[in-house]
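Single-structure report; data block below.
The values are calculated or read from the model by the stated rules, or taken from the named source; none is laboratory data. As the structure is a prediction and not an experimental result, all values here were calculated from the model. Glycine also receives a Cβ, built like all others from the backbone with ideal geometry; neighbour counts cover every protein chain displayed.
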Amino acid sequence: MGLNDEIKRRRTFAIISHPDAGKTTLTEKLLLFGGAIHVAGAVRSNKIRKTATSDFLEIEKQRGISVATSVMSFDYKDIKINILDTPGHKDFAEDTYRTLTAVDSVILVIDSAKGVEVQTRRLMEVCRMRATPVMIFINKMDREGKDPFELLEELEKELNIAVTPFTWPAGRGSDFKGVYNIFKKNIQLYTPEKSNLSELLMETGDISDPALEEYVGPETLSQLLEEIEMTTDLYEPFQKSLYLEGYLAPVFFGSALNNTGVLEVLENFIEMAPSPKKSESYERIVRPDEPDFSGYIFKIHANLDPRHRNRMAFMRVCSGIFERNKLFYHTRLKKKMRFSSSAEFIANTRSTIDEAYPGDVIGLYDTGSLKIGDTLSEGEVLNFKGVPNFAPELLREVINRDPSKSKQLEKGVRQLTDEGLAQLFLQQPGNRKIIGTVGELQFDVIKFRLEHEYGALCDLRPLPYVKALWFTSEKPSELNEFLNRKASFIAYDKENAPVFFAESDWIIKVMQDAYPSLSFHKTSESFRITS
Ligand code: G4P
């Protein structure tokens, strides 16, 4: 199969949701329906549980498993599906945002009783920013939830996206009877507890089948028919181009736990979700079908095996073909590198891969030369866009508790922040180390990992800032004045770019008024032009 055919048959996407809406369950069911796993429960164990905030050992254990499930690939009807896992916990939002830069589309899961939630909104903002095509799965129809029409209206209003239903629920809550496929005009009946695909297919029936009334009951049937008619009046006919541009989201109803409505998602997904798209770099647009290989790192797991200090870097292939053992050019280090142990992730196992194509995400074992945002190519200098650092909102100073271990602490802080877990800023005088995160949980994880992986003990002293913002100015004199006058609120990130620690949003406004030429940035990418 040639490069073009390989590209065409790939679908790389992420399932996103507010925690508890059913992301893990849907992921698992897609794997099950795709034939990649045979029993339910395989993905479930990957989840960082909500109760685990103080249970670090549990996090560690799960981290090990989550390496294997960071990406899950399988073939379904000749389509290669790559699902990228995103952590559900809000404190890992940054990791999720970065993962979203490596996908070509997303499936958003909504809890039918809760509708749009905080995380749903945030994640969708990122998708809208990048015009990522979105499919929506409204889950838990077997529970008492909101009215489907109301939910669709809420989605449109709150997420600023047009929607059109592809399936419709027959009954809901305790009366939930199945899911009607608006295009195929057939119905998939609600079959709790069944996980066998052939059993499910047998229960998909024609809407005009008289046996249907008997099964769903005359009331639910007439309500279904009436509502389907309303949907044709209320919603514009589906236009694939609008979906691909990120303006229109097809909506599916169902119950992931009970396998209902999942097949509709999978079938429609492989048919219309986009294959790998062009990637934007600072230098130029890179097409996936270009013969020369290029790819970038968007995620790193450090210390997979504490005895070997190795890490796994996750790379998305953007163009050409990745080949194991071939020399590739590391743009940042300006040197050639060879990767002999590249891994692919089939369902929940890891194995060596010799070749990878655009859209694929592979794991590269590495001893420290790869960082988030790094590009590999066949020689061309490329820096891919979309792997930004976000303005941290929680800042703490690292205080060494054991002077004899300062080297270990230094190394640990550097490596863990390379992993993207948090950001490191250095402040003078004294080279003070300040760690910035978007969530509390990262601090606990960092402290725990510093101790267990590097043998370094530290305290993380809270600082009274609400934001660390990068800043630039076109007027060197004003920039210098600001740097001098506000020195005690300024530190430098790993690339030596200055950040301003703000004690309140109000201060930022005051500074903006006092130094009009200054631009404050919420992501490092919005100003940093890598060379
Ligand atoms: P998440 O990854 O988005 O956080 O959600 P997850 O799939 O873990 O689902 C959250 C909870 O919702 C789980 O229950 C799961 O069983 C349940 N759930 C998922 N889909 C459905 C559905 O279609 N109907 C109903 N009624 N429940 C659903 P839990 O009790 O928190 O976990 P567990 O003990 O089942 O593992």
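Among the residues in the range 443-451, are any free of Cβ contacts under 8 Å to residues at least 12 places away in the same chain and over 30 Å from Gly320 (Cβ atoms)?
Our first condition is that a residue be free of Cβ contacts under 8 Å to residues at least 12 places away in the same chain; within the range 443-451, this holds for 451.
From what is left, the residues that are over 30 Å from Gly320 (Cβ atoms) are 451.
Yes; the residues of the range 443-451 include at least one that is free of Cβ contacts under 8 Å to residues at least 12 places away in the same chain and over 30 Å from Gly320 (Cβ atoms).
Yes or no, residue by residue, for (1) at pLDDT 55 or above; (2) among the β-branched types (Val, Ile, Thr); (3) in the same structural domain as Lys299 (by TED's automatic domain parsing):
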site: His18; (1), (2), (3): yes, no, no
site: Thr24; (1), (2), (3): yes, yes, no
site: Leu31; (1), (2), (3): yes, no, no
site: Gly41; (1), (2), (3): yes, no, no
site: Lys50; (1), (2), (3): no, no, no
site: Lys61; (1), (2), (3): no, no, no
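In the range 450-462 there is at least one residue matching the filter, namely being touching a strand residue (DSSP E or B) at 6+ places or on another chain (Cβ under 7 Å), among the aliphatic types (A, V, I, L, M) and in a helix (DSSP H, G or I). When the range 121-169 is filtered for residues that are among the hydrophobic types (A, V, I, L, M, F, W, C), in a strand (DSSP E or B) and surrounded by fewer than 23 Cβ atoms within 10 Å (Cβ to Cβ), the ones remaining, listed by number, are Met135, Ala162, Val163, Trp168. If the condition is being away from the ligand (no atom under 16 Å from the Cβ) and under 21 Å from the mean Cα position of the chain (by Cα), then the range 229-262 contributes Tyr243, Leu244, Glu245, Gly246, Tyr247, Leu248, Ala249, Pro250.
Taking the stated definitions as given, is Lys405 in contact (Cβ under 8 Å) with a residue 40 or more places away in the chain, in a helix (DSSP H, G or I) and not assigned by TED's automatic domain parsing to the domain that holds Ile300?
Details: in contact (Cβ under 8 Å) with a residue 40 or more places away in the chain: yes; in a helix (DSSP H, G or I): yes; not assigned by TED's automatic domain parsing to the domain that holds Ile300: yes.
Spelling it out, Lys405 is indeed in contact (Cβ under 8 Å) with a residue 40 or more places away in the chain, in a helix (DSSP H, G or I) and not assigned by TED's automatic domain parsing to the domain that holds Ile300.
Scanning the range 408-431 for residues that are under 28 Å from the mean Cα position of the chain (by Cα), part of a loop (DSSP other than H, G, I, E, B) and not aliphatic (A, V, I, L, M) yields a total of 2. Please verify whether Tyr465 is hydroxyl-bearing (Ser, Thr, Tyr), closer than 29 Å to Gln119 by Cα and in contact (Cβ under 8 Å) with a residue 40 or more places away in the chain, treating the condition exactly as stated. Spelling it out, Tyr465 is indeed hydroxyl-bearing (Ser, Thr, Tyr), closer than 29 Å to Gln119 by Cα and in contact (Cβ under 8 Å) with a residue 40 or more places away in the chain. Every condition in (1) within 16 Å of the ligand (Cβ to nearest atom); (2) crowded, with 24+ Cβ neighbours inside 10 Å is met by Lys114 except one, and the failing one is (2).
Of the residues making up the range 82-120, those that are aliphatic (A, V, I, L, M), modelled with pLDDT of 85 or more and part of a helix (DSSP H, G or I) are Leu100, Val118. Evaluation of Glu290 against the conditions (1) part of a strand (DSSP E or B); (2) in contact (Cβ under 8 Å) with a residue 24 or more places away in the chain; (3) over 24 Å from the mean Cα position of the chain (by Cα) shows that the sole unmet condition is (1).
I'm checking my understanding of the structure. Among residues of the range 201-245 that are part of a loop (DSSP other than H, G, I, E, B) and either farther than 15 Å from Thr164 by Cβ or touching a strand residue (DSSP E or B) at 6+ places or on another chain (Cβ under 6 Å) (or both), which one is modelled with the lowest pLDDT? Quick ask: steps written out before the conclusion?
Going through the range 201-245, the residues part of a loop (DSSP other than H, G, I, E, B) turn out to be 203, 207-209, 217, 235-239, 245.
Subset that is either farther than 15 Å from Thr164 by Cβ or touching a strand residue (DSSP E or B) at 6+ places or on another chain (Cβ under 6 Å) (or both): 203, 207-209, 217, 235, 238.
Values: Glu203: 50, Ile207: 66, Ser208: 69, Asp209: 70, Gly217: 84, Tyr235: 89, Phe238: 89.
Once the filter is applied, the top-ranked residue is Glu203.
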